[in-house]
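Have a look at the structure below, then the notes.
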Amino acid sequence: MLNLLWLLLPVAAAGGWFAARRATARDTPPAFNYYQGLNYLLNEQPDKAVEWFGELSPGEKDAADTRLALGNMFRRRGEVERAIPIHQALVDNTEVSDDLRADALFELARDFEAAGLFDRAESLFTQLTNNERYAPRAWQSLLLISERERDWDKAIETAASYSRVSGTDVNNLIAHYHCELADIAAQQEDVAAAVSLLQKATTTDTDCARANVMWGALALQEHDYQTAIERFERVEKQRPELMPEIIKPLFTALDLAGDQAALRAYIDRIKGRFNAYSVIKTTRAMIEKLDGRAEADDFFKDQIVKRPSLKGLRDWARGQLAKSPPAEREKVEAMCDMLDQVVKDKPGFQCSDCGFRGSTLYWRCPGCGHWDTVQTVIGAEGE
Ligand SMILES: [Zn+2]
């Protein structure tokens with residue numbers, strides 16, 4: 001019931017204002033029947049409420065506002081099948097003003113969108129791009145539809161139109177759309193097309209770390225180690241929190257490039273700073289390969305003291321198992337198992353906007369649809 005009351009607020013606001021205006025105009029008490037309509041809603045009799053509100057003269061702005069709010073309330077409650085006829089009736093009514101018809105058209109488009117009828121929503125939003133007042137919101141809605149349909153070419157065009165009418169900077173979005181197209185080209189093993197699209201992404205948005213992550217991976221696959229190193233080092237400068245995503249391929253490229261001095265210089269850089277756990281773990285493996293177990297263990301111990309994490313503690317404890325006296329081994333093993341369990345239940349990534357949690361990096365949050373908001377969980381419980 002509490003939720004219903006919240007949903008009714010817009011109807012109450014529109015209706016209350018309407019009733020008050022009538023009272024002022026005619027110097028009579030507010031129309032009692034308006035509250036009758038609200039009563040129908042509160043008593044879960046939506047059909048009677050629709051019938052009652054339907055008796056308001058549709059030509060009056062106040063009455064149209066009340067119906068708009070009523071339709072919106074039904075949509076928010078998930079009852080789009082009730083919202084659609086209310087908004088459609090307003091659109092079809094010849095007595096309402098052009099402004100009100102545009103309001104109703106926009107709400108009807110949102111109803112179709114909520115119902116999953118994207119073709120119909122798209123058609124109405126497209127009509128509204130010619131309306132100065134609604135053009136920015138209509139282009140924005142069309143952009144979200146293109147994203148949902150993963151039509152990235154269309155999204156690029158739509159984003160440009162949205163930017164033109166709203167003044168919003170959409171370069172980061174367009175760069176992501178180029179990256180999506182590059183991803184498709186890479187899956188089809190068309191490396192040249194993929195690289196060309198990644199070039200477009202980095203030209204559109206010079207800070208597009210995603211394009212550099214993808215470009216580095218493609219260059220490594222093509223044995224172009226210098227390009228891979230250069231692209232991964234850009235990611236490190238642009239978004240250091242993405243280091244866990246690139247550290248393995250970066251070490252592979254440094255190793256395969258055959259430049260020992262560059263590889264050692266990079267390891268020295270890592271030694272001098274605080275690192276995410278996957279960076280520590282991968283660097284440890286490389287030090288072990290180059291200089292042996294003892295050097296690797298010293299590095300590991302030094303790093304996990306600098307930046308403690310559950311994952312680090314677990315792996316350190318596992319390392320101690322072999323060195324423990326037999327009587328102690330069972331206890332250490334039990335501790336390792338507990339830490340395994342704790343680490344397993346921790347999400348590696350979280351959206352800073354909606355709180356969505358997951359174990360893989362998404363460039364577009366599956367929860368709220370925002371770009372670049374899913375981030376590595378940093379700290380003792382994460383990286
Ligand atoms: Zn989100």
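The values are calculated or read from the model by the stated rules, or taken from the named source; none is laboratory data. Predicted model only: the values in this text are computed from it and were never measured. Glycine gets a Cβ as well: all are built from the backbone with ideal geometry, and neighbour counts include every protein chain shown. Just the protein is used for accessible areas: all its heavy atoms, side chains included, with ligands, DNA and RNA removed. Shrake-Rupley method; radii C 1.70, N 1.55, O 1.52, S 1.80 Å.
So, counting K/R as plus one and D/E as minus one, what does the shell of residues with Cβ under 10 Å around Asn93 add up to? Could the numbers behind the result be given before it?
On the way: positive: Arg67, Arg101; negative: Asp92, Glu95.
Once all neighbours under 10 Å are counted, the net charge is 0.
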- Query: For Lys48, what accessible area in Å² do you get when you roll a 1.4 Å probe over the heavy atoms of the protein chains, rounding to the nearest 10?
  - Reply: 100 Å²
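Can you give the local net charge around Ala121? Use residues other than it whose beta-carbon is closer than 9 angstrom to its beta-carbon, Lys and Arg +1, Asp and Glu -1. The partial results should precede the final answer.
Details: positive: Arg110, Arg120; negative: Asp111, Glu113, Asp119, Glu122.
Counting the neighbours of Ala121, the net charge comes to -2.
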- Cross-link partners among aspartates and glutamates for Lys237, C-alpha distance below 19 Å, same-chain residues fewer than 8 apart left out? Asp205, Asp207, Glu245, Asp268, Asp372, Glu383
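Could you give the Stokes-Einstein D for the chain in µm² per second, using the C-alpha Kirkwood radius, 25 °C, 0.890 mPa s? Can you show the working numbers first?
Details: Rh = 25.6 Å.
Rounded, D is 96 µm²/s.
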- Please give the calculated 222 nm ellipticity per residue for the chain, where each DSSP H segment of at least 4 residues contributes -39500 (n - 2.57) and the sum is spread over every residue; nearest 500 deg cm²/dmol? -23500 deg cm²/dmol
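Counting Lys +1, Arg +1, Asp -1, Glu -1, what net charge surrounds Cys351 among other residues with beta carbon under 15 Å of its beta carbon?
On the way: positive: Arg357, Arg364; negative: Glu241, Asp353, Asp372.
The answer is -1.
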- Message: Let me check something: with ligands and nucleic acids excluded, how do Cys179, Cys368 order by accessible area (1.4 Å probe), largest to smallest?
- Response: Cys368, Cys179
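Could you work out what % of the accessible surface of the chain is carbon and sulfur, using a 1.4 angstrom probe and leaving DNA, RNA and ligands out of the count?
Details: 10230 of 19880 Å².
Heavy-atom surface of the chain belonging to carbon and sulfur, 1.4 Å probe: 51 percent.
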- Message: Below 8 Å, C-alpha to C-alpha, sequence gap of six or more: please give me the relative contact order for the chain in percent.
- Response: 6 percent
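Show Lys200, Lys311 ordered by accessible area, largest first, where the area counts protein heavy atoms only and the probe is 1.4 Å. Don't skip to the answer; put the middle values down first.
Numbers: Lys200 105, Lys311 55 Å².
Result, largest first: Lys200, Lys311.
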- Per residue accessible area of the chain, 1.4 Å probe, in Å²: 52 Å²
- Task: At 1.4 Å probe size, with no ligands or nucleic acids counted, give the accessible surface of Asp302 in Å², nearest ten.
- Result: 80 Å²
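Given N residues in the stretch 255-299, what is Rg(Cα) / (2.2 N^0.38 Å)?
Against the compact-globule rule of thumb, the ratio is 1.09.
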- Task: Take each of the peptides 64-71, 153-160, 350-357, 256-263, average the number of other beta-carbon atoms within 10 Å over its residues, and list them starting from the highest.
- Result: 64-71, 153-160, 350-357, 256-263
- For the stretch 93-115, list residues with backbone N below 19 Å from a point placed 7 Å from the Cα of Val165 toward its Cβ? 98-114
- Item | Which of Leu242, Leu290 is most accessible, then next, and so on - probe 1.4 Å | Leu290, Leu242
- Task: Go through Tyr225, Tyr162, Ala64 and say which Cα lies farthest out towards the positive end of the charge dipole of the chain; charges sit on Cβ, +1 for Lys and Arg, -1 for Asp and Glu.
- Result: Tyr225
- Under 29 Å from the Cα of Lys154, which lysines turn up, not counting those fewer than eight places away in the same chain? Lys200
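Please work out whether the stretch 89-176 counts as rounded, prolate or oblate from its C-alpha gyration tensor, where a ≥ b ≥ c are the square roots of the eigenvalues and a/c under 1.5 means rounded, while otherwise a/b larger than b/c means prolate and anything else oblate? Don't skip to the end; give the middle numbers.
Working: a/c = 3.33, a/b = 1.65, b/c = 2.02.
Verdict is oblate for the stretch 89-176.
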- For the chain, build the charge dipole from Cβ charges (+1 Lys, Arg; -1 Asp, Glu) around the Cα centre, then report which of Ala285, Ala257, Ala83 sits farthest towards its positive end. Ala285
